[in-house]
Structure formats: structure tokens, C-alpha cells
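Encoded as C-alpha cells, the structure appears first; notes follow it.
The values are calculated or read from the model by the stated rules, or taken from the named source; none is laboratory data. None of the values given here were measured: they were computed from a predicted structure. Using ideal geometry, Cβ is built from the backbone for each residue, glycine included, and neighbour counts are taken over all protein chains shown. The area values use the complete protein model at the heavy-atom level, side chains included, leaving out ligands, DNA and RNA. Shrake-Rupley method; radii C 1.70, N 1.55, O 1.52, S 1.80 Å.
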Amino acid sequence: MTAPKSGILFVLSGPSGAGKGTVCAELMRRGLPIQVSISATTRAPRSGEQDGVNYFFKTRVEFERMITDGQLLEWAEVYGNYYGTPKTFVEETLASGRDVLLEIDIQGAMQVKRRYPAGVFIFLIPPSAAELRARILGRGTETEESFQRRFGAAWKELQMMREYDYVVVNDEVRLACERIEAIVAAEHCRVSRNLHLLSEWEKSSTMF
């Protein structure tokens, strides 16, 4: 019995306001056959959250040991808590033949790219600056000062698009999902991922 073909690591990121979480949730609802990576964190579990399902909950000492031992594909400290992607979970899932999807920020995506350059990196962007402004303001939690800061940061993050393999415009969630599904299908059809087909043909040709 042959080992399963390795899965593909897909990394979805983009500037604040691009709609990464919404698109990722819709991809799962549509039944895309892909494992969403589970992050590790030092924050306390919220009501209803389960260890190993929503997050891998770690103490600060445990998380810092993971950093020291190189057990994370990427990590960051946000508002006093650590968040990161455990390398073992991703590697074991890929080895089983399943694809993995990371939905992370740009800083995290660049860390993953350095450690796992074989991944497929997808950059999600809003359709226009006007739409990005509307999405940020639509949250209803922004002061003028905080809006200017977030909008300016998003503009700088947009310049990182050159570091990615694909760009997807999130003008409509359904269409954005269809584009990402097409990318996943195309990556599975790459010749470099399917050279085993040649050996299978060579073996079968001896039967004729």
C-alpha cells in the first residue's frame, strides 16, 4: 500500500478589513476539503471553547518553550497573549494527505514563508480603498484617529502583495470563495505534484 500523497499548505492573509475570517468560514460551509489549522494561544478559553478544537490552550511557560524549541511555524504576541501555529499539527496533517489552510495576518504569513516556502500563499484584498474605508468604519468602533491608523496600516500591508503567489479580490464572498477553490484545484493539477502518474503509466504499460 503506497503512502498518501502529501497535502498542500495554503496560507490566506491580507490587510485588515479584507474579510479573511468571513471568507474562511464560508469556505468551510461550502465543504472545501481542507483542514483549517488550529492555533496555540496563552489566552484563557472562552465559554464553549475546547482545547484541540478551537485552540491549543497553553501556559505562558509552555508557549515560550515551543518558541525556543522551534515548534511553531509562526507566532506573535498580541495584547499580552501569545498566538501561533504549531508545526507538528500542520506537518502531521499534510503527511496524512490532507490540505491545510492557515488564516493568519501578513506578519505571520511571512514567517511561514521563510520556514515553509513550499506553501501556496494567497493574498485577499478589498475591491477598492472606498470599500476598505466602509468596512473599517462599519464596525462602529473606530475614532477618527484609530481609523486613520488602521487605514494607513492597511495601505502599507497592501504593498506586501508582491510576496504572494495569488491575489483574490473579495468583492463578494461567494466569488472570492470560488476563486480560492479554483486555486486549490489548480495547485493539485501542477505537474510537479503529479509526477507519480508517469511511473504508474510506465508500470501499467508493461501489461500490454
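Applying both filters, DSSP loop and at most 13 other Cβ atoms within 10 Å, to the trypsin sites (Lys or Arg not before Pro) of region 140-208 gives R190.
Using a Förster distance of 45 angstrom, determine the FRET efficiency expected from the C-beta separation of M161 and W201, and round it to 0.05. Provide the component values of the computation, followed by the final result.
Values: r = 39 Å, r/R0 = 0.87.
The value I calculate is 0.70.
The ellipsoid equivalent to the alpha-carbon distribution of the chain has semi-axes of 33, 24, 15 angstrom, derived from the gyration tensor eigenvalues as √(5λ) and listed largest first. For region 1-95, the spread of Cα positions along the three principal axes, ordered from largest to smallest, is 41, 37, 28 Å.
Compared with the alpha-carbon gap, the fully stretched path from S6 to E181 is longer by 61.2 nm at 0.36 nm per residue.
Share of region 92-155's accessible area from carbon and sulfur, percent, 1.4 Å? It would help to have the intermediate numbers written out before the result.
Working: 1800 of 3410 Å².
Reported share for carbon and sulfur atoms: 53 percent.
Overall, region 27-128 carries a charge dipole of about 160 debye about its Cα centre when +1 sits on the Cβ of Lys and Arg and -1 on the Cβ of Asp and Glu, all other atoms neutral.
Surface calculation, 1.4 Å probe, protein heavy atoms: H188 sits at approximately 60 Å² accessible. Here region 163-208 was treated as a single set of alpha-carbon atoms; its pair distances binned every 5 Å from 0 give 5, 18, 16, 15, 12, 9, 8, 7, 6, 3, 1 percent.
Of the solvent-accessible surface of region 31-82, computed with a 1.4 Å probe and all protein chains present, 48% belongs to carbon and sulfur.
Subtracting the Cα-Cα distance of S128 and E26 from their residue separation scaled by 0.36 nm leaves 34.6 nm. Maximal additional length on extending the R60-S47 stretch stands at 2.6 nm, based on 0.36 nm per residue less the C-alpha distance. With every protein chain present, what accessible area does S128 have (1.4 Å probe, heavy atoms only), rounded to the nearest 10 Å²? So the heavy atoms of S128 present about 50 Å² to solvent.
Which value in Å is the Kirkwood Rh of region 64-118 over different Cα pairs?
That comes to 11.9 Å for region 64-118.
In this view, the solvent-accessible surface of D105, computed with a 1.4 Å probe and all protein chains in place, comes to about 80 Å². Per residue, region 1-151 exposes 53 Å² of solvent-accessible protein surface, assessed with a 1.4 angstrom probe and all protein chains in place.
Entry note, region 82-208: relative contact order of 24 percent, from Cα contacts under 8 Å with a spacing of 6+ residues.
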